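*Asks:* Attaching a single structure in structure tokens format; questions to follow.
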Amino acid sequence: MTFTASRSRSLRNRPGAAAVALAAAVALLAGCSSSDKSDPLAEDGASGDTVVVGSNNFAESILLADIYGEALKAKGIKVTYKPNIGSRETTYGLLKNGSITVLPEYNGSLLAYLDPKAEQKSADAVNAAVKSKLDAKLTLLESSPAEDKDSVSVNAETAKKYKLTAESSLEDLKDIAPELVIGGSPEFQTRQQGLKGLESEYGLEFKSFKALDAGGPLTQAALAKNTVQAADIFTTDPTITKEGFVVLQDPKNLFGFANVTPLVYKSGLSQEGVDALNAVSAKLDTKTLLDLDAQVQLESKDPLDVAKAWLKSAGLG
């Protein structure tokens with residue numbers, strides 16, 4: 001069987017109350033999402049020609065599992081789900097023993113898990129490095145253009161004032177940054193993938209820095225209220241849609257690579273299944289994923305319904 005691959009998100013370390021709220025929301029999602037969902041930690045693998053699609057314990061992963069799983073069903077492939085499993089440490093082990101056949105992953109973060117010291121210079125290099133580090137029973141399929149990673153985003157007021165759009169980049173902040181307060185986690189102030197890198201790679205020196213949280217409710221609220229004018233926001237955070245934030249492009253890839261990419265137990269998926277998942281990835285971009293996340297997390301739609309509707313609209317369902 002031939003598998004092809006093409007692209008850092010770690011499971012979000014969302015702090016305190018945000019983590020509790022997210023866990024509660026995910027538990028609800030797990031109860032109302034795809035049918036035929038089994039105990040996520042049970043180690044019974046697929047039987048016969050059944051593909052087991054797993055997800056980690058956050059809302060976007062559950063939605064992505066539904067998207068990939070329902071695409072397989074549309075090809076007549078039998079699918080069961082193991083949603084809301086937990087961290088990468090757990091899911092990777094379940095993949096290795098065949099308890100899970102397919103898991104939506106983020107390739108840069110997966111590489112960081114497999115080799116924390118690995119450099120991430122290009123999407124192709126990241127995927128090649130991941131494949132060289134994977135257990136022999138596993139492989140990556142093709143990466144989607146959709147990414148969920150850190151970004152510098154500005155609020156609607158700031159975007160309007162400085163004529164910044166979705167096509168604008170961090171380079172466009174060079175003359176503006178001294179007038180802006182930027183917010184993020186305390187670590188963002190000292191990390192290369194933070195203020196240090198923004199200065200060394202883009203020459204950005206901000207008016208000041210406000211310590212908040214890692215893309216969570218404190219950061220979101222501060223940006224919405226204009227307490228800060230720029231902030232570290234994850235690129236598929238539904239707050240972007242709700243509040244009209246503008247995500248600035250990162251042409252130098254300061255924030256690495258975090259393309260959604262299926263991780264697969266090789267012997268559990270036919271070539272027809274591989275082709276179906278690759279077809280999904282080819283059509284899934286960040287803007288689309290952001291919209292789908294917003295439907296689930298802001299409009300409280302069932303992720304299974306959202307997945308089916310998008311697949312149908314994309315000609316894949």
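The values are calculated or read from the model by the stated rules, or taken from the named source; none is laboratory data. Nothing here was measured: the structure is a model prediction, and the numbers come from that model. In this analysis, Cβ positions are derived from the backbone assuming ideal geometry, glycine residues included, and neighbour counts consider all displayed protein chains.
*Asks:* From the list Leu72, Leu28, Leu41, pick out the single residue that is at pLDDT 90 or above and of a type outside the set (S, T, N, Q). Break it down stepwise before answering.
*Replies:* Details: Leu28 fails: at pLDDT 90 or above; Leu41 fails: at pLDDT 90 or above.
Just a single option satisfies the conditions, and that option is Leu72.
*Asks:* While we're here: Which residue, of Leu248, Leu304, Leu254, Leu284, is modelled with pLDDT under 95 and of a type in the set (A, V, I, L, M)? Break it down stepwise before answering.
*Replies:* On the way: Leu248 fails: modelled with pLDDT under 95; Leu304 fails: modelled with pLDDT under 95; Leu284 fails: modelled with pLDDT under 95.
Answer to the selection: Leu254.
*Asks:* I would also like to ask the following. Consider Lys287 against the criteria (1) crowded, with 23+ Cβ neighbours inside 10 Å; (2) in the same structural domain as Thr50 (by TED's automatic domain parsing): it satisfies all of them except one. Which criterion is unmet?
*Replies:* (1)
*Asks:* Among what's in the range 192-205 and is touching a helix residue (DSSP H, G or I) at 6+ places or on another chain (Cβ under 8 Å) and within 15 Å of Ile233 (Cα to Cα), pick the residue that is surrounded by the most Cβ atoms within 10 Å (Cβ to Cβ).
*Replies:* Ranking the candidates gives Leu198 first.
*Asks:* Could you please find all residues in the range 106-121 being over 20 Å from Lys252 (Cα atoms) and not in a loop (DSSP other than H, G, I, E, B)?
*Replies:* So the first thing to find is which residues in the range 106-121 are over 20 Å from Lys252 (Cα atoms), and the list is 110, 113-116.
Result: Leu110, Tyr113, Leu114.
*Asks:* Among the residues of the range 64-91, write down those that are out of contact with any strand residue (DSSP E or B) (no Cβ under 9 Å at 6 or more places or on another chain) and at negative phi.
*Replies:* Within the range 64-91, Ala71, Ala74, Lys75, Ser87, Glu89, Thr90 qualify.
*Asks:* Criterion first (part of a loop (DSSP other than H, G, I, E, B) and closer than 25 Å to Ala282 by Cβ) does Ala129 satisfy it?
*Replies:* no
*Asks:* Please go through the range 278-307 and give me each residue that is within 18 Å of Ala258 (Cβ to Cβ) and aliphatic (A, V, I, L, M), ordered by number.
*Replies:* Val280, Ala282, Leu284, Leu289, Leu290, Leu292
Yes/no per residue for (1) of a type in the set (Val, Ile, Thr); (2) buried (at least 23 other Cβ atoms within 10 Å of the Cβ):
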residue: Glu105; (1), (2): no, yes
residue: Lys121; (1), (2): no, no
residue: Ala129; (1), (2): no, no
residue: Leu140; (1), (2): no, yes
residue: Ser143; (1), (2): no, yes
residue: Ala166; (1), (2): no, no
residue: Thr190; (1), (2): yes, no
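*Asks:* I'm trying to understand the selection: among the residues of the range 244-278, which are crowded, with 23+ Cβ neighbours inside 10 Å and out of contact with any helix residue (DSSP H, G or I) (no Cβ under 7 Å at 6 or more places or on another chain)?
*Replies:* The answer is Val264, Leu269.
*Asks:* Same structure, new question: Residue check: is Val228 assigned by TED's automatic domain parsing to the domain that holds Thr80, more than 16 Å from the chain's Cα centre (by Cα), crowded, with 23+ Cβ neighbours inside 10 Å and among the β-branched types (Val, Ile, Thr)?
*Replies:* Values: assigned by TED's automatic domain parsing to the domain that holds Thr80: no; more than 16 Å from the chain's Cα centre (by Cα): yes; crowded, with 23+ Cβ neighbours inside 10 Å: yes; among the β-branched types (Val, Ile, Thr): yes.
The answer is no for Val228.
*Asks:* Pairs needed: first member in the range 73-84, assigned by TED's automatic domain parsing to the domain that holds Ile100 and surrounded by fewer than 19 Cβ atoms within 10 Å (Cβ to Cβ); second member anywhere, of a type in the set (Asp, Glu) and not in a loop (DSSP other than H, G, I, E, B); C-beta distance under 9 Å; at least 6 residues apart or different chains.
*Replies:* Pairs found: Lys75/Glu272; Lys75/Asp275; Gly76/Glu272; Ile77/Glu272.
*Asks:* Here is a follow-up. Take Val228 and tell me if it is modelled with pLDDT of 95 or more and assigned to a loop (DSSP other than H, G, I, E, B).
*Replies:* Working: modelled with pLDDT of 95 or more: yes; assigned to a loop (DSSP other than H, G, I, E, B): yes.
The answer is yes for Val228.
*Asks:* Within the range 53-71, restricting attention to residues that are of a type in the set (A, V, I, L, M) and assigned to a helix (DSSP H, G or I), which residue is farthest from Leu290 (Cα to Cα)? Explain how you work it out, then say what you get.
*Replies:* First, pick out the residues of the range 53-71 that are of a type in the set (A, V, I, L, M): 53, 59, 62-65, 67, 71.
Now restrict to residues that are assigned to a helix (DSSP H, G or I): 59, 62-65, 67, 71.
Working: Ala59: 12, Ile62: 14, Leu63: 11, Leu64: 12, Ala65: 15, Ile67: 14, Ala71: 19 Å.
Among residues in the range 53-71 that are of a type in the set (A, V, I, L, M) and assigned to a helix (DSSP H, G or I), the one farthest from Leu290 (Cα to Cα) is Ala71.
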